[in-house]
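See structure below.
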Amino acid sequence: MGKAALTRDHLPDAAALDSRLQALLLHHEIESFNARYAQALDEQRLADWTDMFTEDALYVVLSRENFDRGLPVGLIYCESKRMIHDRAFALMETSMFAPRYLRHIIGNQIVLSAESNGTVKSRANYVVLQVLLDRPDATLHQVGVYYDVFRRVGGTLKLAERRCVYDNLLVPNALCIPV
Amino acid sequence: MAWQRIASLSEIAVDAVLGVDVDGSRVALYRLANEVFATAGICTHAMALLSDGFVEDGNIECPLHQSQFDIRSGKALCAPATEDLRTYAVKLDGDEILIDMEQQAEFTQAIPKPMPDRQAARPVTDTQTISATNSDPELALMKRYVWPTEGLTRIPDWVYTDQTIYEREVEKIFHGRTWNYVALECEVPNPGDFIRSNVGPTPVVVVRAADCSINVFENRCSHRAAEFCRELSGNTKEFVCPYHQWSYDLHGNLAGIPFRRGVNGKGGMPADFNAAQHGLRRLNVTSHRGVVFASYVQDMEPLQDYLGPEVLKEFEATFDGRKPRLLGYYRHTLPGNWKLYHENLKDPYHATLLHTFLVTFGLLVAGNRSLMLADATGRHGVMASAKSERKSISSDAKKEMRAYRDGMTLAEPRFMDFIEEFDSPWSVTMATIWPNLIIQREMNTLGVRQIVPTGPHEFIMKWTMFGFEGDDDEMTRHRLRQGNLMGPAGFLGLEDNEAIKFVQDGMRHVPGRQHLVKLDPAVAAGTSDSLISEASIRAMYRHWRAEMGL
Ligand code: FES
Ligand SMILES: [Fe+2]
C-alpha cells in the first residue's frame, strides 16, 4: 500500500497521462497505417492501396523542385479516390512495364497536429528501393517526404491527402508503381 | 603471300560491282569483260558503299555524291572525292577470284619488284600500302560504319550504341547547323532571371539581360572551365564563378578578374590580357511565340525556314499567340539512345499496340483519322490524330487490337475530356523538332520535352509543362489531371520509356545487328497518312546520314 502511494507520487496527473497515451496511440496508429501502406505497394496490391484513401482524397507525387517553387505539376496527380482507382486499375490491367520488386520504407513519422474532429496532419520520410530482375543491385528509386492529412472514416484512419515530394529530381526511367 | 578466295567469277556480271568483306575490310570487286579488279569498298569522300554505285567505262561512280574513280588504278577522277582508292591485287584461278590484301593491283605495280620480300620494299610512310586489316584508323573506321546494303529499311545497331558516332553527333548535329530548344520565355520573365539548360550534352545558361534580350552562353568558366552556375533557376545581376571569382555580365562578357594586376606589383595577368576576348562562349539565339532556341552556328537560317511551312503551322497551332504559363517540370533519365525518342514519336504504329490504356477505354484505335507528317528534309515530324467517338470503332479495328474491351470505362472519365481550344483539326499532336525538342499537345495537357544526350546509351529528358495565361483554376486543374497520361509515371509515358529501354537492352545484349523499318513501302521516306508506317523514321535517317556523312 505504501509502496503504491510512493509510485503514484512520481506519476503525472491522470489528464496528462491520458494525452500522452493518446499521442502514443495515434503515433502508433499512423506507423502501422504506413507499414500496411508500404506492404500493399510492395506486394503491388493496388486495390488495397486504393482503399486507404478517403473518397475526396488528393494524391500527388511531385518533385522537390516543383513543390518548393509552388509549381503544381505532379508525376501522378489524383484529385479523388476515383482517379486513384483508375490509376490502380490502369497499372494492373493495361500498363506495360518490366517486372520488378519494390520495397517502400517509411520512417521518421511526426504528427504535426491532431484536431478533435479526427483530422491529423503528419509527415514522414520515405525511400523506395527497386530491383529489376536482370540486375544484382537494388537501386534507390525514390527518396522523399510524405506530407499527409488523415481523417477517420467509420473510426478507421484514411488518407485525405498524401503529397509525396521526392528529392531525386531525375526519375530513373519510369515510376511504374505509386509511392 | 596471302592469296585468299573471296568470290567466284559467276557471282559478278560484266560491268558490275560486288561488295565483299575480307578480313573485316570492305572491298569492292569489279568485272570488266574478263578482267577482275578490286579496290577499297568505301568512297574516300563520305562513307558510302561503292558496291551500291555504278560501273561505266572502267570507272566506278559513288552512289552518294557521284565521285568517280578509275577501277584499275583507284584514281579519283571527279569531285567531291580527291583521295584515290586503295587497290588490291586479284587473280583468277579457274572460276575462283583470289585477292591479296597486302598487294596493290598490278596496274600500280607495273615495275616488277626486284626484291622477293615485299615487306621491305614497301614505303612504310604511305598509308595506302599499310595492311587494310590493322593499323590504319581510317580503314578501321570504314570497316565498322557501313550502312546495310538494303538502304533505309535497315538501321544498324552502331547508330545507337557507338561512342564515336555519338561524339560525331554532338559535333555535327547538336553543335552543328541546328536550332536547339533551350527554354520557354515564361521561365525567365524578368531581367536577371536565368535557368540552367543544355544544347546537346553541353550545359548552358539562359538569362534575360537588363535590355530584356535573352542570352545563352556555355556554363563553363573561361578561366579554368568550372561549371559556375549551379542553381536550376534564379535571378542575378551577374554570374560570379565560385572558384576564383571571375565575374561575367548577363551577356556573358568577362567583367572582373580579382588581382588582375597582381599584389604589390607582383603576379597578375599579363599586361596585354584582353578581357574582351575571354567572355563566355555565346550562342546564337532566336525565339518564336515564347519558345527560345540556340545554335552554335552564327549564320543560321531563321527558325521559320528551319522548321518549314508544315511544321511551323503545327508549332503555331500549339503556341497560338497566348502567353505560356509555367506549370512545372518532370525530369528523368532514360537508358536508351536519344534518337529512339524521336523514332518513338515518328512511329504511329506503336500507339494502339503498346498503349493499351488508350484502346481499353476506347480512346484511340487504329482507324482514327491521323497523319504522320515529315518535313521536306525529314528531320522534323508531327504525329497527329483526331479523337473519335467510341461508337464509331469498326469491328475490324477492334479485332486487330487485343486490348479493346467493350464497356470498359474510367471511374473518372472527365480527365480524358478534350476541351476545344486550338485552331486545328487534330486533338493530339506530337511534334518532333530536330534535334532536341518534342512539343506535346495531348488534348489539353501541354508540354515541351528537351532531349539532353549524355552518351550513346542514355539521355536525360526534361519536360516543361505549361498552360496559358488566362486559364482559370479549373482549366489548370484539367491540364494537371490529364497530365497523368504523360511523363515518366504517365499511363502512356511510362510505357514509352520502358519500351525504349528494352530496345537498348536488346542491342547491348545481342549486339552488331540491324533494325527493320519496312512498314508502308508505298512511301519510301516522308509523310504518310497511315498509322501503320515507318516512313518518317526512314526520312529521319536519310537526313541523319547526310549530316553525319555516313
Ligand atoms: S575557374 Fe572560374 S574563376 Fe577560376
Ligand atoms: Fe508512345
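Before moving on, here are some points about what is shown:
- The stretch A:13-166: relative contact order in percent, alpha carbon pairs under 8 Å with at least 6 residues between: 23 percent
- In units of the rule-of-thumb radius 2.2 N^0.38 Å, the protein assembly as shown shows an alpha carbon radius of gyration of 1.20.
- Residue among B:Leu303, B:Gly336, B:Ser370 farthest towards the positive dipole end of the stretch B:245-398, charges placed on Cβ: B:Gly336
- Proximal aspartates and glutamates to B:Lys518, defined as alpha-carbon separation beneath 17 angstrom and excluding residues fewer than eight positions away on the same chain: B:Glu150, B:Asp157, B:Glu343, B:Asp347, B:Asp529, B:Glu534
- Table column - 3J(HN,Hα) (Hz), the stretch B:23-40, Karplus curve with 6.51, -1.76, 1.60, x for Gly and Pro: 6, x, 9, 7, 10, 9, 10, 10, 10, 10, 6, 10, 9, 10, 10, 9, 9, 3
- Checking the Cα-Cα distances for B:Lys462/B:Lys501; B:Lys346/B:Lys501; B:Lys313/B:Lys501 against a 21 Å cut-off, the pairs over it are B:Lys313/B:Lys501.
- Its Cα gyration tensor gives the stretch A:13-166 an equivalent ellipsoid. The semi-axes, each the square root of 5 times an eigenvalue, are 29, 18, 16 Å from largest down.
- Mean sequence separation of contacting Cα pairs (under 8 Å, at least six apart), scaled by the length of chain B, corresponds to a relative contact order of 13 percent.
- Each of B:Asn235, B:Ala2, B:Ser67 was placed along the dipole of the protein assembly as shown (beta-carbon charges, centred on the mean Cα), and the one lying farthest toward the positive end is B:Asn235.
- Cut-off 17 Å, label 7 Å out along Cα→Cβ of A:Asn108, residues of the stretch A:149-179 by amide N: A:163-169
- Within the stretch B:180-287: Cβ-based charge dipole about Cα centre, in debye rounded to nearest 20 (Lys, Arg +1; Asp, Glu -1): 480 debye
- Inter-label distance, nm, simple model (7 Å from Cα along the C-beta direction), A:Leu17/B:Asn190: 5.8 nm
- The share of alpha-carbon pairs in chain B lying farther apart than 38 Å comes to 44%.
- Amide H contacts of B:Val517 (H built 1.01 Å from N, under 5 Å, at least 5 apart or other chain): B:Arg154, B:Ile155
- Whether the stretch B:301-548 is rounded, prolate or oblate, judged on the alpha carbon gyration tensor where a/c under 1.5 counts as rounded: rounded
- The aspartates and glutamates whose alpha-carbon is closer than 13 Å to the alpha-carbon of B:Lys323, local same-chain residues fewer than 8 away aside, are B:Glu185, B:Glu187, B:Glu469, B:Asp471.
- Estimated distance in nm for a label pair at A:Arg152 and B:His223, the labels positioned 7 Å out from Cα along Cα-to-Cβ: 6.3 nm
- Cα long-axis angle, helix B:473-482 against chain B (0 to 90 degrees, to the nearest 10): 30 degrees
- Rounded if a/c under 1.5, otherwise prolate or oblate - the stretch B:130-281, Cα gyration tensor axes: oblate
- Using alpha-carbon coordinates, inclination of helix A:81-93 to the longest axis of chain A, degrees: 50 degrees
Since every read-out is calculated from the coordinates, none of them should be taken as a lab result. Just so you know, these numbers come straight off a predicted model, no measurement behind them. Counting neighbours? That spans all protein chains shown, and the Cβs are built from the backbone with ideal geometry, glycine included.
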